[in-house]
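Right, one structure below, let's go through it.
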Amino acid sequence: MKISHADVRFCLFVLYLFSRMSHIDTMTEFSDQSPLRRKARASLSNAAGRFDLQRAAVDDGWSNTTDSDEPEVPKIETDIRFEQARSLINYNKSPDLPFDRSINTYRGCEHGCIYCFARPTHAYLGLSPGLDFETRLIARPNAAELLRHELSSPRYKVATLAIGTNTDPYQPCERDLKLTRDCLQVLSEFAHPVAIVTKGALVERDIDILAPMAAQGLVRVGISVTTLDPDLSRRMEPRAPSPARRLAAIRRLRDAGIPVRIMCSPLVPGLTDHELEAMLAAGAEAGADAASWIMLRLPREVSTLWQEWLAEHAPLRAEKVMNRLREMHGGRDYDPRWGQRMRGEGPYADVISNRFKAACKRLGLNQRSEPLRSDLFARPPQAGDQLALF
């Protein structure tokens with residue numbers, strides 16, 4: 001019997017559909033109508049990703065409760081799954097980023113920041129950028145092994161490596177898994193420059209690695225502070241450390257000789273923008289030696305999730321916040337163009353930029369940071385290497 005190419009393609013398509021349906025069946029616990037408690041979760045929904053088949057909750061009559069029953073509603077637990085990655089270092093050519101390579105030890109982030117621009121990446125996994133992003137995490141246990149392998153390649157050309165550009169390297173699960181720490185240990189052995197971005201106070205745990213690297217000019221840390229209001233922070237970024245705790249982390253890192261930047265990111269117009277100078281002053285007092293800011297970004301599904309959050313937590317400010325954002329992005333919720341996506345444009349964006357520059361000058365945060373050193377990079381001896389004769 002002869003099988004045509006069309007038959008093969010059809011069979012593969014059918015297999016794909018069955019696999020997607022099976023995958024969806026395992027992922028429907030958190031539908032928009034789910035009674036599960038959202039305590040310490042920012043997302044109000046769990047809509048299917050843009051690459052996923054649509055799904056809906058259906059009552060099949062098998063519920064064990066009756067109208068008179070009042071069962072205790074369980075909370076949404078965090079599910080961590082493991083992925084054996086095939087590569088680790090990601091390269092980019094974005095002209096508005098100060099680095100061309102980065103690594104991420106986790107996919108998804110339990111901090112649950114409702115504004116996180118990385119949420120849409122969960123759609124590529126067949127998961128929702130909503131609750132799935134903050135409750136269904138992917139960890140890469142072979143991250144350090146892969147990093148060592150890629151840095152050992154004779155073709156590798158050293159340049160500053162960024163950690164924490166997509167999801168936070170110091171989210172809660174890092175306390176036990178230590179994947180970020182393992183990668184830092186590899187970078188230390190290679191004397192490789194690294195820039196870390198986080199809002200996790202767990203970065204303090206790795207001072208024993210970071211301080212010696214800082215003494216060699218190999219590391220810089222950026223701590224993100226979005227507001228000084230602990231109540232707003234708890235609602236907007238429910239499982240991230242409090243603002244005061246992040247400022248304490250800045251102080252401890254600086255006491256250890258590690259250069260730290262305070263990052264007012266994202267700045268939310270009409271909600272946190274009035275705090276800009278106060279956040280910068282708090283960062284300077286804690287010991288930060290530099291500062292930066294990024295305007296709130298709402299790519300793809302983030303816009304819907306953010307507006308749902310606004311409607312519940314800041315309904316009287318929702319219209320003002322969105323009007324300001326659209327004013328800076330040509331009437332759209334978000335403008336993805338390079339040079340525009342980080343700051344926006346127009347009178348309001350100019351006012352924020354000028355306020356930031358004036359405050360940094362007054363606080364001494366406008367000094368240019370020394371570039372991290374790349375000349376110390378060296379591949380440590382590997383098992384099986386031929387010994388040098390001289």
Hey, could you check the stretch 79-93 for residues that are surrounded by 12 or more Cβ atoms within 10 Å (Cβ to Cβ) and of a type in the set (S, T, N, Q) and say which is farthest from Thr105 (Cα to Cα)? Asn92
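Across the stretch 347-363, what is the total count of residues that are in contact (Cβ under 8 Å) with a residue 60 or more places away in the chain and loosely packed, with under 11 Cβ neighbours inside 10 Å? Please lay out each step first, then the result.
Within the stretch 347-363, the first condition is being in contact (Cβ under 8 Å) with a residue 60 or more places away in the chain, and the residues that meet it are 348, 352, 355-356, 359-360, 363.
Narrowing the set further to residues that are loosely packed, with under 11 Cβ neighbours inside 10 Å leaves none.
Total meeting the criteria: 0.
Out of the residues in the stretch 142-180 meeting the condition of being among the charged types (D, E, K, R) and crowded, with 20+ Cβ neighbours inside 10 Å, tell me which one is nearest to Arg86 (Cα to Cα).
If we filter the stretch 142-180 for residues that are among the charged types (D, E, K, R), which is where we start, we get 145, 148, 150, 155, 157, 168, 174-176, 178.
Imposing the further condition that a residue be crowded, with 20+ Cβ neighbours inside 10 Å reduces the set to 148, 168, 174.
Values: Arg148: 13, Asp168: 21, Glu174: 21 Å.
Applying the filter and picking the extreme gives Arg148.
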Pairs, first without any contact (Cβ under 8 Å) to a residue 60 or more places away in the chain in the stretch 255-273, second of a type in the set (Lys, Arg), C-beta under 7 Å, six or more apart: Val260/Arg254; Gly270/Arg317; Gly270/Lys320; Gly270/Arg324; Leu271/Arg317
Residues of the stretch 110-139 being outside any helix (DSSP H, G or I) and of a type in the set (A, V, I, L, M), in sequence order, are Ile114, Ala118, Leu127, Leu137, Ile138, Ala139
Scan Pro243, Pro193 and give me the residue that is buried (at least 22 other Cβ atoms within 10 Å of the Cβ), in contact with a Ser or Thr (Cβ under 7 Å, 6 or more places away or on another chain), of a type outside the set (D, E, K, R) and closer than 28 Å to Arg119 by Cβ. Pro243
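Output the residue which, of all residues in the stretch 365-380 that are more than 11 Å from His192 (Cα to Cα) and within 28 Å of the chain's Cα centre (by Cα), is surrounded by the fewest Cβ atoms within 10 Å (Cβ to Cβ). Show your work before the answer.
Keep residues of the stretch 365-380 that are more than 11 Å from His192 (Cα to Cα), which gives 365-371, 380.
Now drop any that are not within 28 Å of the chain's Cα centre (by Cα), which leaves 365-371.
Working: Leu365: 21, Asn366: 14, Gln367: 10, Arg368: 6, Ser369: 11, Glu370: 9, Pro371: 11.
Top of the filtered list is Arg368.
Can you find a residue that is more than 21 Å from Asp333 (Cβ to Cβ) and modelled with pLDDT under 65 anywhere in the stretch 43-53? Quick ask: steps written out before the conclusion?
At the first step, the residues of the stretch 43-53 found to be more than 21 Å from Asp333 (Cβ to Cβ) are 52-53.
Retained after the next criterion (residues that are modelled with pLDDT under 65): 52-53.
There is at least one residue in the stretch 43-53 that is more than 21 Å from Asp333 (Cβ to Cβ) and modelled with pLDDT under 65.
So, in the stretch 256-270, of the ones that are hydrophobic (A, V, I, L, M, F, W, C) and open to solvent by 10 Å² or more (accessible area, probe 1.4 Å), which residue ends up farthest from Tyr334 (Cα to Cα)? Step through it out loud before you land on a result.
Taking the stretch 256-270 first, the residues hydrophobic (A, V, I, L, M, F, W, C) are 256, 258, 260, 262-264, 267-268.
Next, only the ones that are open to solvent by 10 Å² or more (accessible area, probe 1.4 Å) stay: 256, 263.
Numbers: Ala256: 39, Met263: 21 Å.
My answer is Ala256.
Please work out if Thr180 is within 14 Å of the chain's Cα centre (by Cα) and at pLDDT below 95. Give the steps one after another, and end with the answer.
On the way: within 14 Å of the chain's Cα centre (by Cα): yes; at pLDDT below 95: no.
Here the answer is no, as Thr180 does not meet what is asked.
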So in the stretch 281-329, with the set limited to residues that are under 18 Å from Leu228 (Cβ atoms) and charged (D, E, K, R), which one is surrounded by the fewest Cβ atoms within 10 Å (Cβ to Cβ)? Glu285
Anything in the stretch 207-229 that is assigned to a helix (DSSP H, G or I) and buried (at least 22 other Cβ atoms within 10 Å of the Cβ)? List them, or say none. Leu210, Met213
Selected residue (criterion: least open to solvent (accessible area, probe 1.4 Å)) from residues of the stretch 101-124 that are at negative phi and without any contact (Cβ under 8 Å) to a residue 60 or more places away in the chain: Ala118
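The values are calculated or read from the model by the stated rules, or taken from the named source; none is laboratory data. Note that this is a predicted model, so its numbers are computed, not measured. Neighbour counts run over all protein chains shown; Cβ positions are idealised from the backbone, glycine included. Just so you know, the surface numbers come from the protein's heavy atoms only, side chains and all, with ligands and any DNA or RNA stripped out. Shrake-Rupley method; radii C 1.70, N 1.55, O 1.52, S 1.80 Å.
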